[in-house]
């Protein structure tokens, strides 16, 4: 189940959004770090990429039996986890759609559009909230 949900997240929230962004703007939306990038951008982006890679790696290692997470959760939480993960994916997708053509992965310091409607009325970055919900639910699926 964890592999299915993490694969759905990558396909829909990352690759699907990049393809949609490219279709509308002819820009894939990726903003790569540069040596001249501010330290805060380097630290936050690196932390996100590393934590995402580690979580996906642990899911695969657990699936093939090379890693076992020895935390015991109640069965109720295990049944709730896929719903929480799906909700996280949906939040990410809705937030990306509400960003419209302003969406990108990475920091674009030239961009001055600030979205203040929809989910952005309640959270400055609902995409991170959706990612957090997805990752927390993965912990319960082990």
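The values are calculated or read from the model by the stated rules, or taken from the named source; none is laboratory data. Please read all numbers here as calculations on a predicted model, not as lab measurements. Please note: Cβ atoms are built from the backbone with ideal geometry, for glycine as well, and neighbour counts cover all protein chains shown.
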Is the range 43-52 home to any residue that is more than 15 Å from the chain's Cα centre (by Cα) and at pLDDT 75 or above?
yes
Just one of (1) closer than 20 Å to residue 24 by Cα; (2) modelled with pLDDT of 75 or more trips up residue 106, so point out which.
(2)
Are any residues in the range 66-84 exposed (fewer than 14 other Cβ atoms within 10 Å of the Cβ) and modelled with pLDDT of 80 or more, and if so, which ones?
66, 83
